Amino acid sequence: MINKLKIAFLFGIFTLLFSTKVNAQLKPGQLIDGIAAVIGNEIVLESDVEEQMNYAKQQGAGTASKCEFLENLINNKFLVFEAKKDTLIENRSAAIKDQANAKYNQLLSQFPDEKSMLAAYKFRTGYEMKNAIEKIDTDTYYGQAKYQRITEKADVTPNEVTDFYNLYKAQLPEIKDEVSISQIVMNPKLTEAHKDELINKLKKIKADIVGGESFESQARIYSEDPGSAPNGGLMKNVFKGQMVKPFEAAALNLQEGEISDPIESEFGYHIIQLVKKSGKAYDARHILLMATPTEDEIKTAKKKLDSIRGLILAEKITFKDASFKFSDDKRTKFNAGVIAGADGSNKIERESIPGTISYELAGLNKGDITSAFEDEDDRKRKVVKIIKIEDVIPSHQITLETDYDRIKQMALRKKQGEMVEKFVNSKISTTFISLDGRYDTCDFKGNWKKESIKK
């Protein structure tokens with residue numbers, strides 16, 4: 001739509017790195033890796049370009065040339081290079097290293113051992129994989145920080161929004177059927193008898209461990225944590241602040257080798273064994289029995305939520321106030337229960353609504369509220385909820401009258417892109433740039449080739 005310099009950031013690129021098989025079978029004469037470009041003291045590898053292309057292909061993105069992917073990476077590296085020179089951008093090297101270690105351990109908890117994880121992600125050593133994670137997180141942080149610094153004063157006037165719309169309206173997308181919806185979510189409460197059953201089971205498991213069974217074997221048999229159970233309940237290099245507070249408080253109050261009494265967290269009930277404590281990190285094993293509600297407990301929660309629905313329909317309380325007072329979903333209860341769309345607005349495409357919710361909304365109109373129904377939250381825990389249809393927006397061609405805020409965001413993004421382009425152009429002539437000769441035929445949008453020193 002707008003033929004301008006693209007500034008691409010690697011949002012969520014952590015998953016991108018691991019979507020490619022870098023150790024695939026090599027053909028005779030095939031390049032293993034090499035430097036595709038150097039920007040200042042930042043390097044873009046051939047493997048970086050390949051990873052971008054493979055990831056885009058897996059995500060079903062439209063076809064783009066290798067040159068376009070390289071230019072996206074060059075743009076990002078240029079901002080990273082400039083960000084590291086900017087004294088107003090905080091140096092977060094230590095925090096990023098800790099974050100990389102945390103991500104590494106989070107992945108490790110999903111495998112029986114480190115060897116299996118490294119094999120799955122095609123790394124030779126844990127050190128190599130941690131360095132890769134740290135590198136990506138560093139680029140993401142500095143790229144975003146510099147972009148925000150350049151565009152922090154960006155704004156668009158109503159006249160600019162109108163001008164943008166008039167210039168590009170023939171190219172603007174058609175809006176699909178949308179709805180605005182709000183929710184009240186309840187986590188079914190376990191009965192005291194059910195809680196006691198879980199606690200007593202954990203006490204029996206602890207007694208068996210004290211009596212000679214290994215914590216590791218008991219975790220493999222009984223723990224309902226899918227991430228750590230196959231690894232004997234082990235979680236390595238857990239940093240302070242990484243776990244929920246009840247778990248961390250219990251773990252850090254133990255001596256090495258000691259086992260806690262059963263403790264409750266938002267995930268269920270645990271016993272924890274502290275394996276090792278070192279500086280800011282610790283290793284621990286745990287056995288989790290999830291607080292999975294029974295059918296009767298779910299029915300009780302539904303009955304309570306249906307009674308709240310009745311109060312709303314009788315106009316004794318508003319949906320907004322009921323959400324604030326009763327909802328267990330922290331993301332929406334303080335926002336009148338409104339569920340945000342993919343673009344951050346309160347509009348959601350109907351076809352993107354999950355099947356369970358879509359089924360409950362079938363046949364309902366604006367202002368209607370569903371009966372209480374069972375669903376899962378983003379952690380796959382059973383919840384019950386009611387949903388109100390706040391608005392229904394039929395498919396339509398985008399217009400200023402119906403979609404002003406959406407068009408304003410488009411105009412703002414265009415202006416931000418132009419600000420970044422202007423910044424890059426002002427710095428490019430004084431920055432060392434080197435492109436590999438394999439890219440001599442690329443038709444870049446930026447002035448990279450003119451300023452480049454050929455290798």
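With the convex hull of its Cα atoms as the shape, the chain has an orientation-averaged projected area of 27.7 nm². Remark: segment 40-51, residue by residue, has Karplus-estimated 3J(HN,Hα) of x, 10, 9, 10, 10, 8, 4, 5, 4, 5, 4, 4 Hz, where x stands for each Gly or Pro and the curve is 6.51 cos²θ - 1.76 cosθ + 1.60 at θ = phi - 60°.
Sparse packing (at most 15 other Cβ atoms within 10 Å of the Cβ) combined with a DSSP loop state is found for the following chymotrypsin sites (Phe, Trp or Tyr not before Pro) in segment 419-450: Phe432.
Please report, as a whole percent, how much of the solvent-accessible surface of segment 190-288 comes from carbon and sulfur atoms (probe radius 1.4 Å). Result for segment 190-288: 49 percent of the exposed heavy-atom area is carbon or sulfur. Pairs from the table (Lys84/Lys122; Lys206/Lys382; Lys299/Lys320; Lys330/Lys385; Lys57/Lys408) lying more than 20 angstrom apart at Cα are Lys84/Lys122; Lys206/Lys382; Lys299/Lys320; Lys57/Lys408.
Couplings 3J(HN,Hα) for segment 402-408, derived from phi with the Karplus relation 6.51 cos²θ - 1.76 cosθ + 1.60 (θ = phi - 60°), are 9, 9, 4, 4, 5, 5, 4 Hz, where x marks Gly and Pro. From the alpha carbon centroid of segment 85-131 to that of segment 373-435 is 29 Å. Take every Cα pair under 8 Å whose residues are at least 6 apart in sequence, average their separation, divide by the length of the chain, and the relative contact order is 21 percent.
Annotation: per residue accessible area for segment 190-288 equals 51 Å², rounded to a whole number [probe 1.4 Å, protein chains only].
Only Cα pairs under 8 Å and 6+ residues apart enter the sum, and on that basis the relative contact order of segment 321-455 stands at 11 percent. Across segment 190-288, the relative contact order, built from alpha-carbon pairs under 8 Å that are at least six residues apart, equals 28 percent. Antiparallel beta bridges, as assigned by DSSP with both residues in the chain, represent about 95 percent of the total such bridges.
Shape of segment 321-455 from its Cα gyration tensor (a ≥ b ≥ c, root eigenvalues): rounded if a/c is under 1.5, otherwise prolate when a/b > b/c, or oblate? It is prolate, given that a/c is not under 1.5 and a/b is the larger ratio. Against the compact-protein benchmark of 2.2 N^0.38 Å, the Cα-based radius of gyration of segment 190-288 scales to 1.01. In straight-distance terms, cross-link reach from Lys240 covers every one of the aspartates and glutamates whose alpha-carbon lies under 12 Å from its own, apart from those fewer than eight places away in the same chain; here that gives Asp98, Glu248, Asp283.
Place a +1 charge on the Cβ of each Lys and Arg in the chain and a -1 charge on the Cβ of each Asp and Glu, then give the dipole magnitude about the Cα centre in debye, rounded to the nearest 20.
Dipole magnitude for the chain comes out near 860 debye.
The values are calculated or read from the model by the stated rules, or taken from the named source; none is laboratory data. Fair warning: this is a prediction, and the values are worked out from it, not measured in the lab. Here Cβ is always computed from backbone atoms with ideal geometry, including for glycine, and neighbour counts include all displayed protein chains. Ligands, DNA and RNA are excluded from the accessible area calculation, which covers all protein heavy atoms including side chains. Shrake-Rupley method; radii C 1.70, N 1.55, O 1.52, S 1.80 Å.
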